[in-house]
Amino acid sequence: MSIYQVQKCLFDYLRAREHAPKDARPEIAEIAARGYDLTDEERKAVESLDLGTLYAMGTHPVLINGLARNMGYRKADYRPLLAGSMPPERKVKPRWLKS
Amino acid sequence: MAEIVTAYCASHAPMQAVDPESAPKHQADNFFAGLEHVRDQVERAQPQAVVMLSGEHFTSYFLDALPQLGVGLAEKYNTPSARWLRMEHSLLPGDAKLGEHIVAGLMERRFWPALSYEMEPDHGFLTVYDQLDPTWQLPFVPLVLNCTTPPLMTLRDSYEFGIAMGEVLRSYDGLERVAFVGGGGLCHFVGEPRIGDIDEDFERWFLEELGKPDCGELLDLPNDELMEAGNGTGEVRAWVALAGAMRGNQMTLLSYEAIYEWIIGMAVVTWTP
């Protein structure tokens, strides 16, 4: 299915938690049950909030950032979490690089 | 007709509000000194409203309907983000008439912004606005730019949009003095493995080019090359737009620090009206 459905579900999850009182924040399973059109693989990644897989699927980095912050991760955690998705080496040297 | 009596850009980082002491003191002091300088400018110039540009962070809009440009038309703005930013206030006064003038003026100049009567100014605006007016009294018009979801405006598009914005603001007869402010950038990576990296070479080059006539080489920078400096760095579109609005005026760099603890390069620049 479309990565949009994954992203919509994750966005709705983050928004619902943001707007709920601290002791009533919904879990992802509750949000994911609302009828998003997800494949089995997408549903598994969403329901487990598997950031590495979600990132590799193409989830928008602003959502990855929101989820990571929501889960209490810090900047040092990102590299190991998303290790399988490091960007390729630069093909073009940006004009501002001196060396 | 209105004059742009203050024009500046400042980086925005949630950490500057949530935990400013987390940065090395000399770096934080230098950055905040730049903001103090522009606050003094504002106090002298006495703008009657501020128009502010910032990147969209999926706060006011999402992928279901994401504009390249969005203009706030509200009389007031609720700001739920103010709580986690540890700010005292939560309600920003809007200037709906100025917002309406901006929309109409941009359309006359062939730009087509989305309208929003319920925009939610987030850290991108609040960290900058709170430093500009800690009392939250100055009427405000937010403009969001899509800076993270391709296809994106190029820096040349941003510059041309800024030229149009300058004309639109100066053609407004509802006020005499307006501040025009850009928030965002500089270099940062968001939600990806390189978070925390800062390309200082890019930042120094960007700030130097920004101050040149017609932004030097910046307007020829393709979006994919800009993305090499960070997937959040596209927020510098707001800075290039300000340069367009203030073309012909001298830009001054007030402060620059690559603050790794805040995962972003922090700078303040101003244009002499």
Where GluC sites (Glu not before Pro) fall in DSSP loop in segment B:33-118, at most 10 other Cβ within 10 Å: B:E88, B:E118
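Using helices alone, what [θ] at 222 nm do you get for chain A, with -39,500 (n - 2.57) per DSSP H run of 4 or more residues, divided over all residues and rounded to the nearest 500? If you can, show how the numbers build up before the last one.
Working: 6 runs with 54 residues, N = 99.
Calculated at 222 nm, the ellipticity per residue is -15500 deg cm²/dmol.
With both partners inside chain B, how many of the DSSP beta bridges are antiparallel, as a percent to the nearest 5?
Details: 18 of 40 bridges.
Roughly 45 percent of the DSSP beta bridges within chain B come out antiparallel.
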GNM top mover of B:G162, B:G216, B:G55 - chain B, alpha-carbon springs below 10 Å: B:G216
Helix A:3-19 axis, angle to chain A major axis (alpha carbon atoms, nearest 10°): 60 degrees
Size of electric dipole in chain A: Cβ of Lys, Arg +1 and of Asp, Glu -1, about Cα centre, debye, nearest 20: 880 debye
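List the DSSP H helices in chain B whose Cα atoms stretch 27 Å or more along the helix axis and whose mean Kyte-Doolittle hydropathy is at least 1.6.
none
Under Stokes-Einstein, with the Kirkwood radius over Cα pairs standing in for Rh, what whole-number D in µm²/s applies to the protein assembly as shown at 20 °C and 1.002 mPa s? List each step's numbers first, then the result.
Values: Rh = 21.0 Å.
Approximately 102 µm²/s, per Stokes-Einstein.
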Debye log10 I(q)/I(0) for segment B:105-252, one point scatterer per Cα, at q = 0.20 Å⁻¹: -1.46
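Using only the heavy atoms of the protein chains and a 1.4 Å probe, how would B:L132, B:L91 rank by accessible area, largest first? Don't skip to the end; give the middle numbers.
Details: B:L132 10, B:L91 80 Å².
Accessible-area ranking of B:L132, B:L91, largest first: B:L91, B:L132.
Full extension from B:A45 to B:L91: what is 0.36 nm times the residue separation minus their Cα-Cα distance, to one decimal in nm?
Numbers: separation 46, 0.36 × 46 = 16.56 nm, distance 2.39 nm.
Contour length minus Cα-Cα distance gives 14.2 nm.
With every protein chain present, what is the per residue accessible area of the protein assembly as shown (1.4 Å probe, Å²)? Walk me through the numbers before you get to the answer.
Working: 16120 Å² over 372 residues.
So the protein assembly as shown comes to 43 Å² accessible per residue, rounded to a whole number.
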HN-Hα J in Hz across segment B:62-72 - Karplus 6.51, -1.76, 1.60, θ = phi - 60°, x for Gly and Pro: 9, 5, 5, 6, 10, x, 6, 9, x, 10, x
Mean ellipticity per residue at 222 nm, deg cm²/dmol - from DSSP H runs of n ≥ 4 across chain B, formula -39500 (n - 2.57): -10500 deg cm²/dmol
Nearest-0.05 FRET efficiency for B:E75 and A:R79, computed from C-beta distance (R0 56 Å): 0.80
Label-to-label distance, nm, for residues given as B:Y117 and A:D23 (7 Å Cα→Cβ offset): 3.8 nm
Value of Rg to Rh for segment B:3-271 (Rh from inverse mean 1/r over Cα pairs, i.e. Kirkwood): 0.92
Principal axis dimensions, segment B:64-190 - Cα atoms, whole angstrom, descending: 39, 39, 27
Chain B - percent relative contact order, Cα under 8 Å, separation 6 or more: 33 percent
Amide H within-cut-off set for B:F140, under 5 Å, with H built and near neighbours excluded: B:V50, B:G94, B:D95
Proximal charge balance of B:M107 [Cβ under 14 Å; K/R count +1, D/E count -1]: -1
Antiparallel DSSP beta bridges within the protein assembly as shown, as percent of all bridges there, nearest 5: 45 percent
Dipole of segment A:3-85 [Lys/Arg +1, Asp/Glu -1 at C-beta], most positive-end residue of A:L14, A:I28, A:Y4: A:L14
For the pair B and A, total buried accessible area rounded to nearest 100 Å², probe 1.4 Å: 2700 Å²
Total formal charge among the other residues, if their Cβ is under 12 angstrom from that of A:T59, Lys/Arg +1 and Asp/Glu -1: -2
For segment A:3-85: rounded, prolate or oblate by the Cα gyration tensor [a/c cutoff 1.5]: oblate
FRET E, pair B:R83, B:K25, Förster distance 25 Å, beta-carbon r, rounded to 0.05: 0.40
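If I take every Cα pair under 8 Å that is 6 or more residues apart in chain A, average their sequence separation and divide by the length, what percent do I get for the relative contact order? Don't jump to the answer; show the numbers that get you there.
Values: 69 pairs, mean separation 27.0, N = 99.
Dividing the mean separation by the residue count of chain A yields 27 percent.
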Between segment B:54-116 and segment B:147-208, the Cα center-to-center distance that results, in Å: 15 Å
Approximate spin-label separation A:S2-A:K93, in nm, with each point projected 7 Å along Cα-to-Cβ: 4.2 nm
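The values are calculated or read from the model by the stated rules, or taken from the named source; none is laboratory data. This is a predicted model, so every value here is computed, not measured. Heads up, the Cβs are rebuilt from the backbone with ideal geometry, glycines too, and the neighbour counts pull from every protein chain shown. With ligands, DNA and RNA removed, areas are computed over all heavy atoms of the protein, side chains included. Shrake-Rupley method; radii C 1.70, N 1.55, O 1.52, S 1.80 Å.
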